[in-house]
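The values are calculated or read from the model by the stated rules, or taken from the named source; none is laboratory data. Source: prediction; values computed, not measured. Ideal geometry is used to build each Cβ from the backbone, glycine not excepted, and the neighbour counts take in all protein chains shown. Surface accessibility is based on the protein's heavy atoms, side chains included, excluding ligands, DNA and RNA. Shrake-Rupley method; radii C 1.70, N 1.55, O 1.52, S 1.80 Å.
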Amino acid sequence: MKAKVRILDIYSGRYSVFINEKEAREAKLHPDDLVRLEAGKKTVYGSVVISSLIDEGEIGISRDILQLHNFSEGEVITVLPSGTPESVRYIKKKMNGEKLRKVEIEAIVRDIVDRKLRDIEISSFVTALEINGLDMDEIAALTIAMAETGDMLDIDRKPIMDVHSIGGVPGNKTNILVVPIVAAAGLTIPKTSSRAITSAAGTADVVEVFADVSFSLDEIKRIVEKVGACLVWGGALNLAPADDITIKAERALSIDPTGLMLASIMSKKYAMGSQYVLIDIPTGKGVKVESVDQARALARDFIELGKRLGQYVEVAITYGGQPIGHTVGPALEAREALSALMTGTGPGSLIEKATGLAGVLLEMGGVAPTGMGKKMAKEILESGKAWEKMKEIIEEQGGDPNIKPDDIPVGDKTYTFTASTSGYVTSIDNRAITGIARAAGAPEDKGAGIELYVKVGEKVKEGDPLFTIHAESEARLDQAIVFARRTEPIRIEGMVLQRIGNI
Ligand SMILES: O=P(O)(O)OC[C@H]1O[C@H](OP(=O)(O)O)[C@H](O)[C@@H]1O
Ligand SMILES: Nc1ncnc2[nH]cnc12
């Protein structure tokens with residue numbers, strides 16, 4: 001059918017197309033059916049919403065659809081039903097535990113990017129990958145398909161360095177220190193990050209507190225050519241666009257299937273033209289990788305995938321048994337990261353990890369002799385050179401380079417938990433800490449999160465403060481308090497762990 005475009009001020013996070021009830025009946029279209037919109041040479045897919053608010057002869061286009069193509073008000077377009085895409089059959093194959101061929105993986109990725117697959121099918125694909133996994137041939141095919149369905153960055157500098165954490169550990173603001181340290185040593189490091197996937201704050205969520213993170217490829221090229229680095233959100237770019245679509249499903253389910261994680265991370269690195277990549281695998285209880293053996297196996301996969309993509313990859317297995325530093329949540333983490341850069345000091349776990357990772361990159365990039373990288377990274381941090389570089393990055397990314405960490409607002413609804421007994425802290429539960437910060441509103445509420453006053457091994461006295469929850473609303477604070485009471489994230493030697501009666 002032909003219809004006149006009516007642009008609707010609706011933004012729902014779904015690609016909805018609104019059709020008049022009578023016309024939908026005549027065309028045998030039902031709610032959530034996939035339709036093809038043809039405007040000249042451009043084809044866009046959307047899901048049907050039936051509405052009497054739309055007149056006959058009109059088609060309502062949501063703002064989400066406008067992001068895919070700039071339809072104009074009153075433009076006449078063709079609307080056609082679209083059958084189930086062939087790639088759904090391949091998703092079912094993976095659900096049954098079968099190996100996918102390269103062409104099948106390419107079809108799935110193309111249909112994800114073209115929005116022919118809806119959220120429900122994408123979630124099924126992500127779930128099938130979580131349950132049945134991918135082998136290295138499938139991962140390589142997925143990585144290349146993800147990269148090649150988007151744009152590529154071409155920066156005329158060598159070598160191009162990169163760092164990426166697989167995440168999972170709360171408070172992991174480390175790369176906000178690593179990037180300026182490495183760039184201050186003269187290396188080029190165009191860093192893209194995702195927003196939170198399983199945690200309460202992804203690096204992009206934290207940087208966004210004090211600078212813009214959404215840029216076009218041309219803007220990134222300009223920033224990186226000027227200051228040697230950036231700290232941006234990969235999702236704002238058309239780099240491996242299938243990645244950010246699948247991340248949405250991962251975030252909703254709080255899962256990060258290993259094969260998809262490898263493809264997702266490495267497709268972005270490939271598209272950014274990175275030649276030397278350092279992957280951080282936080283390892284410990286309650287994170288994505290719980291044992292060193294698992295971390296080694298994953299490291300081998302990253303290195304092998306890098307070889308197939310023509311990249312030199314090294315992996316650092318890092319301690320992920322408790323949160324990094326003392327803060328969790330975008331604004332609180334931004335304060336801690338900026339303060340460490342500004343003063344050259346901070347929590348041991350943050351400084352040690354950041355200078356350790358930066359040191360590896362300095363050696364990989366050939367600016368530090370083998371074994372001397374960490375020392376050089378520490379000197380760059382302590383001398384203030386990393387902070388100077390960070391100020392350049394902040395300024396180029398539209399932030400205030402004279403920002404003071406304490407100027408950053410944090411949630412003013414607070415509640416502090418205290419020690420119920422005296423003793424040593426024996427464990428801090430990563431999952432519970434993330435759950436509390438998320439219940440408090442992070443990462444969407446930037447000021448929400450947790451300030452930790454103790455770490456594993458420290459001695460506390462009964463009544464000492466253990467952690468403060470910050471939230472932006474009383475309702476969120478109450479939810480976080482309930483979650484914290486239920487999970488008791490900080491364990492102290494001598495504590496009664498459970499009370500069981502009436503069995
Ligand atoms: O912890 P979760 O949310 O699962 O993982 C997502 C985080 O891990 C990576 O960190 P980085 O950008 O390398 O610092 C991603 O980019 C993202 O910020
Ligand atoms: N970009 C990304 N995609 C998937 N998993 C990740 N873990 C950390 N970063 C990730």
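Long-range amide H contacts for T327: which residues qualify at under 5 Å (H placed 1.01 Å from N, peptide plane, sequence gap of 5 or more or a different chain)?
Under 5 Å from the amide H of T327: L452.
Checking the table K158/K385; K269/K455; K389/K455 against a 27 Å threshold on Cα-Cα, which pairs fail?
From K158/K385; K269/K455; K389/K455, over 27 Å: K269/K455; K389/K455.
Which one of S124, I112, M95 has its Cα pushed farthest toward the positive end of the charge dipole of segment 86-133, where Lys and Arg give +1 and Asp and Glu give -1 at the Cβ?
The residue sitting most towards the positive pole is M95.
Residues with amide H under 5 Å of H470's amide H, sequence separation 5 or more or different chain, H placed in the peptide plane at 1.01 Å from N; which?
Close amide H contacts, sequence-distant or interchain: G449, I450, E451.
If I stretch the segment between K28 and S291 completely, what's the gain in nm (0.36 nm per residue apart, minus their alpha carbon distance), one decimal?
Contour length minus the Cα-Cα distance gives 89.3 nm.
How many lysine pairs does segment 1-81 hold where the Cα atoms are under 20 Å apart and the two sit 8 or more places apart or on different chains?
Numbers: K2/K22; K2/K28; K2/K41; K2/K42; K4/K22; K4/K28; K4/K41; K4/K42.
Qualifying lysine pairs in segment 1-81: 8.
Restricting to bridges with both residues inside the chain, how much of the DSSP beta-bridge set is antiparallel, in percent to the nearest 5?
55 percent
Could you please tell me the mean projected area of the C-alpha convex hull for segment 413-493, averaged over all directions and given in square nanometres to one decimal?
Mean shadow area of the hull around the Cα atoms is 4.5 nm².
Applying the Karplus parametrisation 6.51 cos²θ - 1.76 cosθ + 1.60 with θ = phi - 60° to the phi angles of segment 413-418, what ³J(HN,Hα) value in whole Hz is obtained for each residue in order, glycine and proline being reported as x?
8, 10, 8, 10, 8, 10
Plugging the Kirkwood radius over Cα pairs into Stokes-Einstein for segment 86-133, at a temperature of 4 °C and a viscosity of 1.567 mPa s, what D comes out in µm²/s? Intermediate results must be reported in sequence, preceding the final value.
Working: Rh = 10.4 Å.
Using the Kirkwood radius from Cα pairs, D works out to 124 µm²/s.
For segment 97-109, take each phi angle, set θ = phi - 60°, evaluate the Karplus expression 6.51 cos²θ - 1.76 cosθ + 1.60, and give the result in whole Hz per residue in order, putting x for glycine and proline.
x, 8, 7, 9, 7, 4, 5, 6, 5, 4, 5, 4, 5
Quick one: angle between helix 241-253 and the longest Cα principal axis of the chain, in degrees between 0 and 90, rounded to 10, please.
70 degrees
On average, how much accessible surface per residue is there in the chain, in Å², for a 1.4 Å probe, leaving out ligands, DNA and RNA?
Heavy-atom SASA per residue in the chain reads 43 Å².
Step through the residues of segment 394-399 one at a time and calculate ³J(HN,Hα) from phi using the Karplus curve (6.51 cos²θ - 1.76 cosθ + 1.60, θ = phi - 60°), rounding each to whole Hz and writing x for Gly and Pro.
Result, ordered by residue: 4, 5, 5, 9, x, x Hz.
How many nm is it between the label spots at N402 and V76, if each spot is 7 Å from the Cα in line with the beta carbon?
6.0 nm
Please compute the length gained on full extension between R36 and K102, using 0.36 nm multiplied by the number of residues separating them and subtracting their Cα-Cα distance.
Separation in residues times 0.36 nm, less the Cα-Cα distance, equals 21.2 nm.
Taking segment 105-146, which trypsin sites (Lys or Arg not before Pro) meet the DSSP loop condition and have no more than 14 other C-beta atoms within 10 Å?
Sites meeting the loop and neighbour criteria: none at all.
Dipole of the chain, Cα-centred, from +1 at each Lys and Arg C-beta and -1 at each Asp and Glu C-beta, to the nearest 20 debye?
With Lys and Arg at +1 and Asp and Glu at -1, about 940 debye.
Scan around I59 for amide H atoms under 5 Å from its own, H built in the peptide plane at 1.01 Å from N, and keep only partners 5 or more places away or cross-chain.
Amide H neighbours of I59, under 5 Å, 5+ apart: K4, V5, R6.
With n ≥ 4 as the cut-off for DSSP H runs, can you work out [θ] at 222 nm for the chain, using -39500 (n - 2.57) per run divided by the number of residues, rounded to the nearest 500?
Working: 18 runs with 206 residues, N = 503.
Mean residue ellipticity, 222 nm, calculated: -12500 deg cm²/dmol.
Find the eigenvalues of the gyration tensor of the Cα atoms of the chain, then list the square roots of 5 times those eigenvalues as equivalent ellipsoid semi-axes, largest first, in whole angstrom.
Numbers: eigenvalues 321, 161, 107 Å².
The answer is 40, 28, 23 Å, longest axis first.
What lysines could a cross-link reach from K413, if we take a straight Cα to Cα line under 20 Å and drop same-chain neighbours fewer than 8 places away?
K446
Please compute the Cα-Cα pair-distance distribution of segment 161-405 with 5 Å bins starting at 0, giving whole percents from short to long.
Using 5 Å bins, I get a P(r) of 1, 7, 15, 20, 23, 19, 11, 4, 0 for segment 161-405.
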